[in-house]
Amino acid sequence: MVSKIIEYTKKIAEEKEKNNELSEALKIIDDSLRLFKDNTDESKELEELKKEYEDKKPEKLTNKYRISKSSSVSTSLWGKEINKIDYEFYISFAFTGKNGDITYRLNKEYNRLKTKIIREEDWDLDLEGYFVITGDGKELYKSSIITKDSEFNHDIDIDVSGIEDLKIEFITESKKTGFNNFYIYLVEPYLYK
């Protein structure tokens, strides 16, 4: 019976991981751990499994990693609705007529960066720009030109293994028109070990 509980826990945790539900996988493991006394072989096996899943859980790319940013860039851990979708946190780049950049110190601790580019629906027709992400001065990612009507790949998933400093730039010469501010966002940027 004991081995079936552990097998079942591993199976369900694996399914949750495939669906990007690592928090749910950890909850399942914790629930199973409560069934066993501490320091038993079973609890040790489940503790190892829990650590394995904790290591897979992503970290938010937040200001704790930031070492510099330009004035046209801002970050927020407060949620924001963009184009009728709620996002938990984001990095925004304003159109000011010059490039915006932000640099993070990763200390070679992460393997992947995943995020998504979102442009606001009410963009001015003349605005355009593109993202460049570099690691220790080496280009890791470059988006296509983004305009109001252009099609582009929204998802960014890049290898940041061995990277000390990660720089994210939005390259543009577009200036805002009128009194409205226009932004482009990297939403929910996560780092994975």
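The values are calculated or read from the model by the stated rules, or taken from the named source; none is laboratory data. Just so we're clear, the structure is a prediction, and the values are computed from it rather than from any experiment. All Cβ positions, even for glycine, are placed from backbone atoms using ideal geometry, and neighbour counts span all protein chains on display. Surface areas here come from the heavy atoms of the whole protein model, side chains and all, with no ligands, DNA or RNA. Shrake-Rupley method; radii C 1.70, N 1.55, O 1.52, S 1.80 Å.
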Does Leu49 meet the test of being more than 25 Å from Ile146 (Cβ to Cβ), open to solvent by less than 40 Å² (accessible area, probe 1.4 Å) and modelled with pLDDT of 85 or more? yes
Which count do you get for residues in the range 1-27 that are farther than 24 Å from Arg112 by Cβ and open to solvent by less than 50 Å² (accessible area, probe 1.4 Å)? 4
Here's a check for you: in the range 89-107, which residue that is part of a loop (DSSP other than H, G, I, E, B), modelled with pLDDT of 85 or more and surrounded by 15 or more Cβ atoms within 10 Å (Cβ to Cβ) is farthest from the chain's Cα centre (by Cα)? Asn99
Test Ser32 against the criterion of being more than 24 Å from Leu191 (Cα to Cα) and among the polar types (S, T, N, Q), and give yes or no. yes
If you go through the range 122-165, how many residues are open to solvent by less than 60 Å² (accessible area, probe 1.4 Å), without any contact (Cβ under 8 Å) to a residue 60 or more places away in the chain and in a strand (DSSP E or B)? 13
